[in-house]
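Asker: Below are the structure tokens for one structure; questions will follow.
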Amino acid sequence: MKLKPIFFLFASIFVLPAHAVDLLDAWQAAKKYDANFSAANSARIAGQEKAVQGRSLLLPQIGLGANVNHARIDSSPGNPTPSNPQLDKSGQTYGYSVRLTQPIYRQEAFVAADQLSKQTELADLQFRVAEQSLILRVAQSYFDVLTAQENVLLSAAQRDAVAQQLASAKRSFDVGSANINDVNAAQARYDGIAANEIIAANDLEIRQNAFRFLTNLEAMQLATAANAIEPTLPVPNDLKEWQARTETGSFDLLAQRLNLEIVGKNIELYRLQDSPTLDLVASYGQAFDGSGLSRNGGTDRLGTGVIGVQFSVPIFTGGRRSSQLRESLANRDQQVDRVEATRRDALQTNKQAFLGVSAGAAQIRALQQALTSSKSLLDSTKLGHEVGVSTMLDVLDANQRYYETRYRLVLAKYAYIFSTLQLAASTGVLNEQVLQHANQWFSSNL
């Protein structure tokens, strides 16, 4: 049974890199590997074309046409004359034409161009949302692995400590200086920790696999948070200021507000569909009749050039425009509610992150002091057991309290760092530079 853990230990040594993977390394890898982020980047590139399409609505449109036909003429006048004889002939007709249309007055086109331009802005915003989401997903997965890893290490440390106490209790029982209750208490605690260790190892493997799918990196050797760095409060330490920043900077909220503008443009479009349009139109073409259709046996050619203005007024669309207008008004009301719902969610997330940073900094300092105290308690309880003033159960409880405090401290550190990233994301400033600052908590070397 001992060979399996040893095998995996040596196997992991051979696959580990020369230095630990830190948070920034994981982000750089995920940018290249994550399919969702790649899709968001493609959507951004596609969205940039919307502005180009909008500008095209106001530029000249040029078309080229050509035709080739076989025609037959069969004419039987009631009273044929030399100028209107009976005809029965066939032949080829062909021609080409070039047409240019330049919008002069098209209110609908101006609104549509503005709408398409805003869709390009929306694509950029949605990409920034995807970028922030990936940073948070990478950080969460990274911290999940480290937390699960710490849980395995602490479970193993607890098991070893309780194993020593179990062995000591058995020796004391053998020489008659301890009762069977001490042995049973130590054995029960050892069995419980062994079971928890199996669960912790399984959870670690799941977290490592999720990290691998996100970054394409092995999660065997990740840099852990340094103990020398002290947590700080938000700057400024004012929730109202951070809430105001969310109102103006949250990418999710900005995207929904931009969606509201785009939906509003639909209302303008449908209201303008019955407005007149004025275009400059110019065309030139030539038509040819083959020898079978020409008057003199050759090929007849007719060239035509036209330039002018074209005025149009839609009168009736069968109710389509009115229906589309009512639909767009309902969509606008729906989007108003979405903006408000997003605003509330953004403010709630911002407040939660702000309190996470503020409370997290205080919690880390408190747990650091609690860890020192629990270590002192464990040492004094062990000493008391040696001199007979503490029971084995007292030692096991003190040992359990120490390792639980140590684990809670690890959780608090990663929760604090993640809250700082969430706080930045809620105000729209989370980017690689912010991630680099958070990465200072981690060492690039083991």
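Asker: Chymotrypsin sites (Phe, Trp or Tyr not before Pro), restricted to segment 284-352: which are DSSP loop and have at most 10 other Cβ atoms within 10 Å?
Answerer: When the chymotrypsin sites (Phe, Trp or Tyr not before Pro) of segment 284-352 are filtered for loop state and at most 10 Cβ neighbours within 10 Å, PHE316 remain.
Asker: How big is segment 231-353 by Rg and Dmax over its Cα atoms, in Å?
Answerer: 29.6, 99
Asker: Could you compute how much accessible surface VAL387 exposes when probed at 1.4 Å, giving the result in Å² to the nearest 10?
Answerer: So the heavy atoms of VAL387 present about 110 Å² to solvent.
Asker: Follow-up question, since we're still on this one. Given a Förster radius of 22 Å and the C-beta distance between ALA226 and ASP379 as r, what FRET efficiency does 1/(1 + (r/R0)^6) yield to the nearest 0.05?
Answerer: The formula returns an efficiency of 0.30 here.
Asker: Once you wrap a convex hull around the alpha carbon atoms of segment 380-436, what is its projected area averaged over all directions, in nm²?
Answerer: Details: hull surface 21.0 nm².
Approximately 5.3 nm², given one-decimal rounding.
Asker: Give, as a single signed number, the net charge of other residues whose beta carbon lies under 10 Å from the beta carbon of PRO231, with Lys and Arg counted +1 and Asp and Glu -1.
Answerer: Result for the neighbourhood of PRO231: +1.
Asker: Here's a follow-up. At 1.4 Å probe size, put MET220, MET392 in order of accessible surface, largest to smallest. Before the final figure, lay out the partial values.
Answerer: Details: MET220 85, MET392 0 Å².
Output order, biggest surface exposure first: MET220, MET392.
Asker: Continuing with the same structure: In Å², what does the accessible area per residue of segment 36-114 work out to with a 1.4 Å probe?
Answerer: Accessible area per residue, segment 36-114: 68 Å².
Asker: Under a 1.4 angstrom probe, counting protein chains only, how are ASP88, ASP22 ranked by accessible area, largest first?
Answerer: ASP88, ASP22
Asker: Okay, next question. Quickly work out the GLN310-to-LEU233 label distance, labels modelled 7 Å from Cα along the C-beta direction, and quote it in nm with one decimal.
Answerer: In this crude label model, LEU233 to GLN310 measures out at 7.0 nm.
Asker: If only Cα atoms are counted, what is the Rg of segment 340-446, and what is its Dmax, in Å?
Answerer: Taking only Cα atoms of segment 340-446, I get Rg and Dmax of 19.8, 67 Å.
Asker: Something else about it: In degrees, nearest 10, range 0 to 90: what is the angle between the Cα axis of helix 107-175 and the longest Cα principal axis of the chain?
Answerer: On a 0 to 90 degree scale, this one is about 20.
Asker: To continue, here is another question. Mind listing P(r) for segment 137-278? All alpha-carbon pairs, 5 Å bins, whole percents.
Answerer: The distribution over segment 137-278 is 2, 8, 9, 8, 8, 9, 10, 9, 8, 6, 5, 4, 4, 3, 2, 2, 1, 1, 1, 1, 0, 0, given as percents.
Asker: 7 Å from Cα along Cα→Cβ at both ARG320 and HIS437: what's the point-to-point distance in nm?
Answerer: 5.4
Asker: Might you work out the accessible area of VAL306 for me, using a 1.4 Å probe with all protein chains in place, and round it to the nearest 10 Å²?
Answerer: The accessible area comes out at roughly 80 Å².
Asker: List the lysines whose Cα lies under 27 Å from the Cα of LYS351, skipping any in the same chain that are fewer than 8 positions away.
Answerer: Candidates past the 8-residue exclusion: LYS240, LYS413.
Asker: Can you give me the C-alpha center-to-center distance between segment 251-316 and segment 102-117, rounded to a whole angstrom?
Answerer: 13
Asker: A further question on this structure: Give the distance, in whole Å, between the Cα centre of segment 352-420 and the Cα centre of segment 129-144.
Answerer: Between the Cα centres of segment 352-420 and segment 129-144 lies a distance of 28 Å.
Asker: Taking the Cα of TYR96, stepping 7 Å toward and past its beta carbon, and measuring to each backbone N in segment 300-316: which are under 19 Å?
Answerer: Of the residues in segment 300-316, 300-306 have backbone N under 19 Å from the label point off TYR96.
Asker: Here's another thing I want to ask about it. Averaged over every viewing direction, what's the projected area of the C-alpha convex hull for segment 79-144? Give it in nm², one decimal, please.
Answerer: Hull-based average projected area comes out at 13.3 nm².
Asker: Here's a follow-up. Using DSSP loop states and a limit of at most 11 other Cβ atoms within 10 Å to flag trypsin sites (Lys or Arg not before Pro), what is the longest stretch of the chain containing no flagged site?
Answerer: In short, 3-294.
Asker: State, to one decimal in nm, how far the label point of ILE104 lies from the label point of ASP124, with both points 7 Å from Cα in the Cβ direction.
Answerer: 3.5
Asker: While we're looking at this one, here's another question. Any idea what log10 I(q)/I(0) is at q = 0.11, 0.16, 0.23, 0.26 Å⁻¹ for segment 290-370, Debye with uniform C-alpha scatterers and no solvent?
Answerer: -0.73, -0.89, -1.07, -1.14
Asker: Still on this structure: Among (1) 17, 31, 23, 15, 9, 4, 1, 0; (2) 22, 47, 28, 3, 0; (3) 25, 56, 18, 1, which is the computed P(r) over Cα pairs in 20 Å bins from 0, in percent?
Answerer: The calculated read-out lines up with (1).
Asker: Compute the normalised compactness of segment 11-134: alpha-carbon radius of gyration over 2.2 N^0.38 Å, N being the residue count.
Answerer: Dividing the Cα radius of gyration by 2.2 N^0.38 Å gives 2.33.
Asker: How much solvent-accessible surface does SER322 expose, in Å² to the nearest 10, with a 1.4 Å probe and all protein chains in place?
Answerer: For SER322, the solvent-accessible surface is approximately 50 Å².
The values are calculated or read from the model by the stated rules, or taken from the named source; none is laboratory data. Values in this document were obtained by computation on a predicted structure and should not be read as measured data. Cβ sites come from the backbone with ideal geometry, for glycine too, and all protein chains shown count toward neighbours. Areas reflect the complete protein model, heavy atoms only, side chains present, ligands, DNA and RNA absent. Shrake-Rupley method; radii C 1.70, N 1.55, O 1.52, S 1.80 Å.
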